[in-house]
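Read through the structure below, which is laid out as structure tokens, and then see the notes.
The values are calculated or read from the model by the stated rules, or taken from the named source; none is laboratory data. As the structure is a prediction and not an experimental result, all values here were calculated from the model. So basically every Cβ, Gly included, is an ideal-geometry build from the backbone, and we count neighbours across all protein chains shown. The area values use the complete protein model at the heavy-atom level, side chains included, leaving out ligands, DNA and RNA. Shrake-Rupley method; radii C 1.70, N 1.55, O 1.52, S 1.80 Å.
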Amino acid sequence: MIKINEKDAAPLSAAPPVEALPRPSRVPLSFRQQRLWILSHLADGSEPRHIQMGLRLRGDLDEAALQSALDGLVARHEVLRTTFGVQDGEPFQRIGPAKVGLPLKRNDLTAADAEPALSELIRHEAKAAFNLEVGPVIRGRLVCLGVEDHVLLITMHHMVSDDWSRTILTREFSELYAAAREGRADRLTSLPVQYADYALWQRRWLAGEVLKCQADYWRQILAGAQPMLVPTDWPRPAQQYQSGNFVEFVLHKPLTAQLKALSRCHGTTLFVTLLAGWALVLARLSGQDDLVIGTPSANRTRSEVAGLIGLFVDTLALRIDLSDDPTLEKLLERVNAAALGAQANQELPFGQVVELVNSPISHIPIFQVILAWQNCGAEAAKLPGLELEHVRIDDRVAEHDLALELAEVGEAIRGRLIYATSLFERSTVERFVEYLQQALSQIAADSGQRAWSAALLLAEERDRRVVEPPINAAHPQDPCIQGLSEAQEERDPEAHAVIYDGLSYRDRNVGATSATTDVWPPQSSPTNPGPGPGTAVMNFIEGTRVVTEGELQANSVTRYHVAQFYRQQITNSGYYDQLKYIVEPSFEEFESPGNLDTSGEHDNTVVPGLQHKYPQTGLLLVTDRCVSYCRFCFRKRIVGKDSDEIAPDFTQIARYIGNHPEMTNVLLSGGDPFVLSTAKLDKIVDHLLPIPHLNSIRFGTKALAYEPRRFEDPALPALFQRIHEAGKAAVIVTHFDHIGEISVDAERNIRSLRARGVQFLNQAVLLAKVNDDPDVLASTFAKCHHIGVRPYYLFQARPVKGASHFQVSLRRGLEISHGINQRLSGIQKTFKFIMSHYTGKIEIIDLGADGRVYMRYHQNKIPEKIGKIFSRPHLDGSCWLDDLPEG
């Protein structure tokens, strides 16, 4: 836990003192209390973590003195006798009388198997809810294990306490017990203020220019930050439970001494050095060079509140930059700067920081990994006539994916790595601990070495594949709600096995390997020097390959980029062996000839971002980002790049459409329009709704496969309702290419939006190794019909550079198309087998007995050609119109 240094507190010293001033009739909550109040009243009814402490008392216990000490604590600290009311929708504090005391419950376990029974009592106390409006907010339980063996359990609601408060409570309880036992007045210094005074002071001070300065800092420092994706063993559950466990470890005296010396040498703190080591581990696990790590802060920056029990602790978000492969020495400087900046702006409550960087409806955590430096260890307390021992409270709660707790104990550093058991196996976390120990050893041994080449490898892993250092990571340009910001550029430790990263997914039945493998660069040797400057090791389905950015660009090999949800879906679908080809890179991409504009999009662009190929239809390119990157993408020239083909001016586009009354519908595409925020989609639609001859607005998206929770945004129905009220049809064109992509979440959200009048169509692409099977596509289309999505196109894959290996021959495509129709009922036969050619959309009808491929134009710029059948001689292996000779 960070406790601010005097030097770092200088910017805060201008704040007025905390004083016991006259109070209003209703005392507001502190900002941190208010945040916790809101969380405790969410619809799921989840209870915030309580603050527990246990003292084992061996000897002649004076129960009267014990009760007196507890009553004295409650009388001394108003917050321990505070309840919370609500008036006009706003919570406020009600402070009870000083004599309310703390009644003790008693349990006699002398006849029971004491230790297991005690553990069960502790777990029960940890889970038992408090009634904040009625109180009390603190409870005590005295457990008798023997004649001279007792355990005192104190449990407080987090609204009135924090971890630092336990130290204060232990110290003051010891003095109050001793005073009562010895029949004297206690020697505690009177408290200058109470927690309610602090809450009032905080609201007076954290306003105006102070609030603006701190808000500006956090807004700037966290702009564009992306979630960290650490490899996990198990899929992230839809509802995150807080069941946890931990792995304990020790950094022994020699390493601790080295780390201290290094910290002194670089003018920083031991906390910063430890954080740098943790950041190095996380960067190498995730493959990301831009990390946000949380750390608790004691937040007791004022001397007046140093002795108060109460909720002061908050969380700071530390953004750490590992770009440009810094030396470990440079990394220390960057981490130190991040910590100092956060400390200097720690008064702004973390809840407000979250609101600054997320939309109000976004529940995306800024971080899911923390480091807690425990420099407020258990108070060394003494009670007359008793031997006192702190009872370890192992609440097995994991509030984050990973929480690293470290404390200096004697001449060593002791730690434990707490982990969410729903995500990680213990063996994985044990390996993470070994990586941390190696990282810290490397920093201590040679701070001049580079972060991305430091040897951090277990002996048995040295022949395994690696995560490459980042090369120009591309992230979605617009914030998107729910899980979309989880869909980001990843350098995955196992791109060919889909167990993926912190949002990673594992299915033992498909041979996926553990999240603990393939995360460390191999040690270089004279015979195997490894990647050189400007190169990286990239994972492919077939194995690994050293690549350069130029090589990737020259071969149109898109960076790996996949959404968390989709990883889980394909891993658990039973179709992983097929679906992996949709999102995972393959060596075949280097050998796929073709071009990047197979349908003449450049030639049909009439204003920037608008194509007008067919009279009735306008195609808008609204973004160059997608929720995930399809390996068969036909717009590789755009997606994942900062493309100048994206619409910069929708006013100009609307003007063009308004001047072309033949245009009756538009398709929003790109990229995927649903990576944009709903607010941005609203602004685009604002330009389209006034156009009278526009009858429908279509949204082309694969987000219902990749991240269907995007469609749970409560603002989306209002967007579609606006379109409906303007007399236009709102149509979502889905891209389900395989039945394994149609999730329960997708079905639920489709049915919900259909009930609100949104129409759904589906277009699929025929893909080699993925769905080139009539049974698969027939079941896909039947499922689409079942959930209210009408299939209308089955596209022949295009000869796109880097993706032409997905093409099947026209002969095989026709066999599959006919096979699908043979398996569907009459009303389900709604799709057409289509080639989206430069000259138009061509329906591929049949391969005749005369050896000719028969086709007709479904769409063409020349209306007279539409519907007319034509044919060309068939050639074996032909996949595209241009492969067929004329005549």
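Condition check for Leu102 on (1) more than 23 Å from Arg32 (Cβ to Cβ); (2) out of contact with any Gly (no Cβ under 6 Å at 6 or more places or on another chain); (3) part of a loop (DSSP other than H, G, I, E, B): one failure, at (2).
How many residues does segment 676-697 hold that are within 18 Å of Ala729 (Cβ to Cβ) and assigned to a loop (DSSP other than H, G, I, E, B)? Going through segment 676-697 one residue at a time, the tally reaches 7.
For (1) open to solvent by 70 Å² or more (accessible area, probe 1.4 Å); (2) in contact with a helix residue (DSSP H, G or I) (Cβ under 7 Å, 6 or more places away or on another chain), each residue gets a yes or a no:
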position	(1), (2)
Trp201	no, no
Leu211	no, no
Arg219	yes, yes
Leu229	no, yes
Gly244	no, no
Val247	no, yes
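Among the residues here, Ser804 does not qualify as modelled with pLDDT under 95 and among the hydroxyl-bearing types (Ser, Thr, Tyr). Quick one: in segment 349-365, which of the residues that are in a loop (DSSP other than H, G, I, E, B) and surrounded by fewer than 20 Cβ atoms within 10 Å (Cβ to Cβ) is modelled with the highest pLDDT? My answer is Pro365. So for segment 36-44 (the condition being open to solvent by less than 80 Å² (accessible area, probe 1.4 Å), within 22 Å of Phe350 (Cβ to Cβ), free of Cβ contacts under 8 Å to residues at least 40 places away in the same chain and in a helix (DSSP H, G or I)), does at least one residue qualify? Yes, because at least one residue in segment 36-44 is open to solvent by less than 80 Å² (accessible area, probe 1.4 Å), within 22 Å of Phe350 (Cβ to Cβ), free of Cβ contacts under 8 Å to residues at least 40 places away in the same chain and in a helix (DSSP H, G or I).
Arg798 satisfies every condition listed in (1) assigned to a strand (DSSP E or B); (2) surrounded by 15 or more Cβ atoms within 10 Å (Cβ to Cβ) except (1). Scanning segment 744-764 for residues that are surrounded by fewer than 21 Cβ atoms within 10 Å (Cβ to Cβ) and within 13 Å of Lys702 (Cα to Cα) yields Phe760, Leu761, Gln763.
Do you know which of the residues in segment 710-724 that are open to solvent by less than 50 Å² (accessible area, probe 1.4 Å) and either in contact with a His (Cβ under 7 Å, 6 or more places away or on another chain) or assigned to a helix (DSSP H, G or I) (or both) is farthest from Gln569 (Cα to Cα)?
Applying the filter and picking the extreme gives Ile723.
Number of residues in segment 265-299 that are farther than 18 Å from Leu406 by Cβ, surrounded by fewer than 22 Cβ atoms within 10 Å (Cβ to Cβ) and of a type outside the set (A, V, I, L, M, F, W, C) equals 4.
Of all residues in segment 818-830, which are of a type in the set (Lys, Arg) and either surrounded by 21 or more Cβ atoms within 10 Å (Cβ to Cβ) or under 14 Å from Val776 (Cβ atoms) (or both)?
Once the filter is applied, which keeps residues that are of a type in the set (Lys, Arg) and either surrounded by 21 or more Cβ atoms within 10 Å (Cβ to Cβ) or under 14 Å from Val776 (Cβ atoms) (or both), segment 818-830 yields only Arg823.
Cβ separations smaller than 6 Å between residues 6+ apart or across chains give the following pairs from segment 97-108 residues that are more than 23 Å from Glu78 (Cβ to Cβ) to residues that are of a type outside the set (Lys, Arg) and outside any helix (DSSP H, G or I): Arg106/Leu142; Asn107/Val143; Asp108/Cys144.
For the structure I just gave you, tell me whether Leu153 is under 37 Å from the mean Cα position of the chain (by Cα), in a strand (DSSP E or B) and more than 26 Å from Leu29 (Cα to Cα). For Leu153, the condition - under 37 Å from the mean Cα position of the chain (by Cα), in a strand (DSSP E or B) and more than 26 Å from Leu29 (Cα to Cα) - is met. Of all residues being in a loop (DSSP other than H, G, I, E, B) and acidic (Asp, Glu) in segment 831-887, which is least open to solvent (accessible area, probe 1.4 Å)? Just the residue, please. Once the filter is applied, the top-ranked residue is Asp850.
Matching residues to (1) of a type in the set (S, T, N, Q); (2) in contact with a strand residue (DSSP E or B) (Cβ under 8 Å, 6 or more places away or on another chain); (3) closer than 15 Å to Glu741 by Cα; (4) open to solvent by less than 20 Å² (accessible area, probe 1.4 Å):
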| residue | (1), (2), (3), (4) |
| --- | --- |
| Leu767 | no, no, yes, yes |
| Val770 | no, no, yes, yes |
| Thr780 | yes, yes, yes, yes |
| His785 | no, yes, yes, no |
| Val789 | no, yes, yes, yes |
| Ile816 | no, yes, no, yes |
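Restricting attention to segment 725-745, the residues being under 23 Å from His785 (Cβ atoms) and part of a helix (DSSP H, G or I) number 5. Of all residues in segment 380-392, exactly one satisfies the criterion of being modelled with pLDDT under 85 and surrounded by 18 or more Cβ atoms within 10 Å (Cβ to Cβ), namely Ala381. Taking the criterion of being open to solvent by less than 50 Å² (accessible area, probe 1.4 Å) and in a helix (DSSP H, G or I), the residues of segment 442-451 that qualify are Gln442, Ile443, Ala444.
The combined condition, being under 25 Å from Cys626 (Cα atoms) and either of a type in the set (Ser, Thr, Tyr) or in contact (Cβ under 8 Å) with a residue 12 or more places away in the chain (or both), is fulfilled by Ala679.
Need at least 2 residues that are under 30 Å from Glu333 (Cα atoms) and of a type in the set (A, V, I, L, M) per element, so show me which helices (runs of 4 or more DSSP H) inside segment 176-287 make the cut, counting only ones lying wholly within it. In segment 176-287, the matching helices (runs of 4 or more DSSP H) lie at 208-221, 253-265, 270-286.
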